[in-house]
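Values in this text are rule-based calculations from the coordinates and carry no lab data. Keep in mind that this is a model prediction, so the values were computed, not measured. With ideal geometry, Cβ positions are generated from the backbone for all residues, glycine too; neighbour counts draw on all protein chains shown.
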Amino acid sequence: MTLQIVQVIKYWAEGEITNFIKVWTLVFASLCYSFFAAKIVPKGFPRLLSIIPILILNLILPLNLHTLHLGGSSAFFLAWLANFKLLMFAFGKGPLSDDPFISLPRFIALACLPIKSHQIKPQDKEITSSSKRGLKSLWNYVTKGFLICLFLKMYDYTDLIHPKFTWVIYCFHIYFGLEIILAIVGGLAKALVGIELEPQFDEPYLSTSLQEFWGRRWNIMVTRILRPTVYEPVLYFCTSITGRKWAPLPAIMGSFLVSALMHELIFFYLGRKRPSGEITLFFMLHGVLLVVEVAIKKAIKGRWRLPRLITGPLTIGLVVVTAFWLFFPEFLRCNAISRALDEYATMGAFVKDISQALVL
């Protein structure tokens, strides 16, 4: 039985999984270097110069992975999360600098995973309510996992389904898939080093404005990273030019521009194709629309407001329509859906082979 298990694992360990292990071994080593280098290199430009090779390495490593799930998630964790957190760390800011006595395992986990920086304490008075929220989240993820399985079955009948409805399924599939992948990674970090999962999404389909969708409900970790690295510096610079009242508008556009460029990079990792510019147009369009929304709110000062029954569908409808127009074409050019189905099939075959080996 042991020999059969080894043979099955060896078969599936060839290729992508082997590369995945090599990539994250290098990530571990590079973050160890960053951790110990910071002990002797002062924050500021000296520390930045010391970690520039790590920033470049984090951009190169995802090129060694080609699957949608392992490659895409690694690209997001390294090229985006880790690099932006290390940039803040170079200047003594961000989650890596909050605790001056941070341990190496916590430093590594915080550097590249979507988790919070405070440690979970069993004696916390809110431990009971937190456990209840965790249980609710577990059922939430189970439900979304079931829906993904349902979507996978529906893909067998796409020739009988209107193409636009299929794209709606893609929307929910991507959202649910991202949420589950990030929850699994964050859950492992919580179990291993006792750090709480950073909430990534807060039911974005309940948003009633673009400001609420992009600022408080969709990919919250990215929002929290862009705020200190892009939004606040641009806000500070523009305050002396436009005044404090209107400075947030160029800061919003700057944040959306950086987000657009990072999404273009992630899509390049996924498809290895030259960017078409549609992703950038998508985010810049939403940046302009959000600037208009914020400007109107500042002008009317809360004197008049549309009911939620109107603003909710308008907001989600706008996001979905523009995503169909500009976002999903790039996603489909990466052949993402068929690749995801192939990867699910491969994983299913792997689990089946392991089960059979254990039985025999």
Residue by residue through the range 230-246, the couplings from Karplus 6.51 cos²θ - 1.76 cosθ + 1.60 with θ = phi - 60°, in Hz, x for Gly and Pro, are 10, 4, 5, x, 5, 4, 5, 5, 7, 4, 6, 9, 9, x, 5, 5, 9
Net charge near Val230 (other residues with Cβ under 15 Å of its Cβ; Lys, Arg +1; Asp, Glu -1) is +3
Using only Cα atoms, locate the centre of the range 258-335 and the centre of the range 234-255, then give the distance between them in Å, rounded to an integer.
20 Å
Any chance you could get the radius of gyration and Dmax over the Cα atoms of the range 2-117, in Å?
16.0, 54
Pairs over 25 Å Cα to Cα, from Lys144/Lys190; Lys85/Lys190; Lys93/Lys297, come to Lys93/Lys297
Name the long-range amide H neighbours of Gly92: under 5 Å, sequence gap of 5 or more, or other chain; modelled H, no Pro or chain starts.
Gly44
Residues in the range 244-275 that a label on Asn335 would reach, taking backbone N under 13 Å of a point 7 Å out along Cα→Cβ:
271-273
Got a sec to turn the phi values of the range 247-256 into Karplus ³J(HN,Hα) couplings, 6.51 cos²θ - 1.76 cosθ + 1.60 with θ = phi - 60°, whole Hz, x for Gly and Pro?
4, x, 5, x, 5, 5, 5, x, 5, 5
Would you grab the residues whose amide H sits under 5 Å from the one on Ile115? Only those 5+ places off in sequence or on another chain, please, with H modelled 1.01 Å from N.
Glu198
Positive minus negative residues near Leu150 (Lys, Arg vs Asp, Glu; Cβ under 12 Å):
+1
How much FRET efficiency would the formula 1/(1 + (r/R0)^6) give for Arg244 and Arg224, where r is the Cβ-Cβ distance and R0 is 22 Å, rounded to 0.05?
0.50
Enter the Cα centre distance for the pair the range 20-74 and the range 152-187, rounded to the nearest angstrom.
31 Å
Protection proxy ranking, peptides 319-326, 249-256, 75-82, 338-345, average beta carbon neighbours within 10 Å, highest first
75-82, 249-256, 319-326, 338-345
Loop only per DSSP, at most 15 neighbouring Cβ atoms within 10 Å: give me the trypsin sites (Lys or Arg not before Pro) in the range 168-246, ordered by residue number.
Arg244, Lys245
Place the peptides 57-70, 290-303 in order of packing, highest mean first, counting for every residue the other Cβ atoms within 10 Å and averaging per peptide.
57-70, 290-303
Stretch gain in nm, segment Ala295-Tyr344, where the contour uses 0.36 nm per residue and the Cα spacing is subtracted
13.1 nm
Under 5 Å between amide hydrogens, which residues at least 5 positions from Ile195 or on another chain qualify, with H placed 1.01 Å from N in the peptide plane?
Lys190
Whole-Hz couplings from phi, Karplus 6.51/-1.76/1.60, listed for the range 210-227; x for Gly and Pro
5, 4, 5, 5, 7, x, 10, 10, 9, 6, 4, 4, 5, 4, 5, 7, 5, 4
